[in-house]
Amino acid sequence: MTDYVSYKKIIAMVDEELGLTELVEEHPCPSGSEWLMYQYQRTSPAIVSSWRNGNKHHFILKNGKTDLNLVPSISAAGIEEVYLKNGKVHIVYAGLAGAGVGIELRKNAKNVTGAELIEKGGGSKLGRGMIQTPKMEKITVGIDDTDTKEEGATWVLANEVGKLIEESKMGFYIDHTITQLFPGNPNKTQNCVSIALTFAIYPEYKYKIGKEIEKLLKEKTLSEKTAIAIYRGLTPSQSMKLYTMKVKREMVPINEAKMVAMRNNIELIEVTGDGGIIGAVAALGLAECHKTAAKLPETYE
């Protein structure tokens, strides 16, 4: 029976410089993560921010140990500690009753390399435990202008690229976000969108993934203007978000895109040309805000 309620996959992406870790857990139940997220947010001082995407929940966590004030129903479970040792991320959970048996459900998840049950829990008892995963890093890749007015679709090709990167064993393909850009753009092929792909990458591939995506796109793109933008960080900056919102509202010159990229250490790659740079950079700012990314500007609603 445990197999039916085991977590599917657990990933930890670390930014050592900022002292933060993004934890992504694929919950066994379609919407079961909603209760867990609500309780964890109430209980865990380490949680900086969180969001849910289907049955996957994301937590941005401060590395280190915090004290949890566990109270039945009110604050029933949380994350007690996150630390890095020997290239492995260790995450310590604590919870009351059923909320405390989570280690048993997490230990067989994909990408978990070790688990320790510290206190079993269950019933009315406290449960505590630790899981271990490889240290990974977050890479977000903006892609634009791969199609023509006659054929192709950037969102489809981007999804194919994401799956091929995961098959290459560089890491995991986490997310695909479609960002609606300015509908009045006279240069658009049709719907005027760009794509952000989010990956958890093993550190040794941090600077190789761009070359691999460039190679794949050169083989498959239909456009002479294809470009990609690569952001290595857990969360986009405010300037990146503001730039994306501007590109949704109006025409923006390519020099502005390049300036935003320079300020945020975004790597730009002209796959077949520079026409896609504006949209590729814009795809990064709202990569985690799916509803906002998809929206038309107010003047078109």
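The numbers here are math on the coordinates, done by the rules we state, and not lab data. What you see is a predicted model, and the numbers here were worked out from it, not measured in a lab. Don't worry about glycine lacking a Cβ; one is built from the backbone with ideal geometry, like all the others, and counts go over all protein chains shown.
When the charge dipole of the chain is built from unit charges on Cβ atoms (+1 for Lys and Arg, -1 for Asp and Glu) and taken about the Cα centre, the candidate among 242, 297, 171 whose Cα reaches farthest toward its positive end is 171.
Please give the direction-averaged projected area of the C-alpha convex hull for region 145-300, in square nanometres with one decimal.
Working: hull surface 33.3 nm².
Taking the Cα atoms of region 145-300, their convex hull projects to 8.3 nm² on average.
How big is region 2-135 by the Kirkwood estimate over distinct Cα pairs, in Å?
Over region 2-135, the inverse of the mean reciprocal pair distance is 14.4 Å.
Just to confirm the number: angle between the C-alpha axis of helix 154-167 and the first principal axis of the chain, 0 to 90 degrees, nearest 10? Helix 154-167 sits roughly 50 degrees off the main axis of the chain.
Dipole size of the chain about its Cα centre, with +1 on Lys/Arg Cβ and -1 on Asp/Glu Cβ: approximately 580 debye, rounded to the nearest 20. For residue 246, the lysines whose Cα falls under 27 Å of its own Cα, not counting residues fewer than eight places away in the same chain, are 138, 149, 188, 225, 258, 291, 295.
What would the Debye equation give as log₁₀ I(q)/I(0) for region 103-207 at q = 0.16 Å⁻¹, counting only Cα atoms as equal point scatterers? After summing over all Cα pairs, the log10 values are -0.80. In terms of surrounding Cβ atoms within a 10 Å radius of their Cβ, 178, 60 rank from fewest to most as 178, 60.
I need the calculated FRET efficiency for the pair residue 190 and residue 83, taking r as the beta carbon distance and R₀ as 51 Å, to the nearest 0.05.
The value I calculate is 0.55.
Helix 33-43 and the long axis of the chain differ in direction by around 70°, with both axes built from C-alpha atoms. When only alpha carbons of the chain are considered, Rg and Dmax amount to 20.6, 64 Å. Taking each residue as 0.36 nm, the span from residue 113 to residue 164 lengthens on full extension beyond its C-alpha to C-alpha distance by 16.0 nm.
Think of each Lys and Arg Cβ as +1 and each Asp and Glu Cβ as -1; about the Cα centre, that makes the dipole of region 2-135 roughly 220 debye.
The angle separating the long axis of helix 209-220 from the principal Cα axis of greatest extent in the chain is about 50 degrees.
Taking a straight line from the alpha carbon of residue 56, these aspartates and glutamates sit under 17 Å away, with near neighbours fewer than eight places off in the same chain left out: 22, 25, 26, 34, 175, 288.
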